[in-house]
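Beneath this line is the structure, given in structure tokens, with notes to follow.
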Amino acid sequence: MGTRVTRVEFTDAAEQLVRQLTDTHGPLMFHQSGGCCDGSAPMCYPRGDFRVGAADVLLGHVAGDTPFWMSAKQYAYWQHTHLTVDVTPGRGSGFSLEAPEGVRFLIRSRVLTDEEWQRIATEPPLPTGADSA
């Protein structure tokens, strides 16, 4: 079996910001929740500073080896989409590492193609927080 269908990717600008934040804070992680406080924006944390829940889904690794997690409830809504993380001017949540930089990460999405869905049907389930415990 080949590589998994890519569920999340970063624009060049987002990858550059991740490199900058990594230089400052060390290894990072992302978590996409469906809650309040910029719940539709991906949150960037120093790796290990955010506790991933057992039901959280690992969509993949971005910008090198940076894990991108999504809450199970959010994944239930977005499982049919491919996500592209970009950067835009403005302040997002004060909890995400990019906030002091005057920019914020944001999600652009598209529906997965029929071909991508056919490939996903042959893949094992995505890892969850329970798998990494």
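The values are calculated or read from the model by the stated rules, or taken from the named source; none is laboratory data. Because the structure is predicted, anything quoted here is derived from the model rather than measured. Please note: Cβ atoms are built from the backbone with ideal geometry, for glycine as well, and neighbour counts cover all protein chains shown. What goes into the accessible areas is simple: the full protein's heavy atoms, side chains included, and nothing from ligands, DNA or RNA. Shrake-Rupley method; radii C 1.70, N 1.55, O 1.52, S 1.80 Å.
Look through ARG104, ARG119, ARG91, ARG108 and report the one residue that is surrounded by fewer than 12 Cβ atoms within 10 Å (Cβ to Cβ) and among the charged types (D, E, K, R). Spell out the reasoning first.
Working: ARG104 fails: surrounded by fewer than 12 Cβ atoms within 10 Å (Cβ to Cβ); ARG119 fails: surrounded by fewer than 12 Cβ atoms within 10 Å (Cβ to Cβ); ARG91 fails: surrounded by fewer than 12 Cβ atoms within 10 Å (Cβ to Cβ).
Only one candidate qualifies: ARG108.
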Enumeration of residues in the range 61-73 that are farther than 13 Å from ARG47 by Cα and either among the hydroxyl-bearing types (Ser, Thr, Tyr) or open to solvent by 20 Å² or more (accessible area, probe 1.4 Å) (or both): ALA63, GLY64, SER71, ALA72, LYS73
Test: residue in the range 112-123 that is among the polar types (S, T, N, Q), modelled with pLDDT of 90 or more and in contact with a strand residue (DSSP E or B) (Cβ under 6 Å, 6 or more places away or on another chain): no
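Considering each of GLY60, GLY35, GLY48, GLY64 in turn, give the residue that is closer than 17 Å to ILE107 by Cβ and modelled with pLDDT under 90.
Numbers: GLY60 fails: modelled with pLDDT under 90; GLY48 fails: closer than 17 Å to ILE107 by Cβ; GLY64 fails: closer than 17 Å to ILE107 by Cβ.
After applying the criteria, what remains is GLY35.
From the list THR24, THR11, exactly one residue is loosely packed, with under 13 Cβ neighbours inside 10 Å and at pLDDT 90 or above. Which is it?
Numbers: THR11 fails: loosely packed, with under 13 Cβ neighbours inside 10 Å.
Just a single option satisfies the conditions, and that option is THR24.
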Options ALA133, ALA99: the member that is at pLDDT below 90, out of contact with any helix residue (DSSP H, G or I) (no Cβ under 7 Å at 6 or more places or on another chain) and open to solvent by less than 20 Å² (accessible area, probe 1.4 Å): ALA99
Number of the condition not met by GLU101 [criteria: (1) among the acidic types (Asp, Glu); (2) out of contact with any Gly (no Cβ under 9 Å at 6 or more places or on another chain); (3) under 15 Å from LEU28 (Cα atoms)]: (3)
Filter result (in a helix (DSSP H, G or I) and among the aliphatic types (A, V, I, L, M)) within the range 7-23: ALA13, ALA14, LEU17, VAL18, LEU21
Residues located in the range 75-96, provided they are in contact with a strand residue (DSSP E or B) (Cβ under 8 Å, 6 or more places away or on another chain), at pLDDT 90 or above and polar (S, T, N, Q): THR81, THR84, THR88
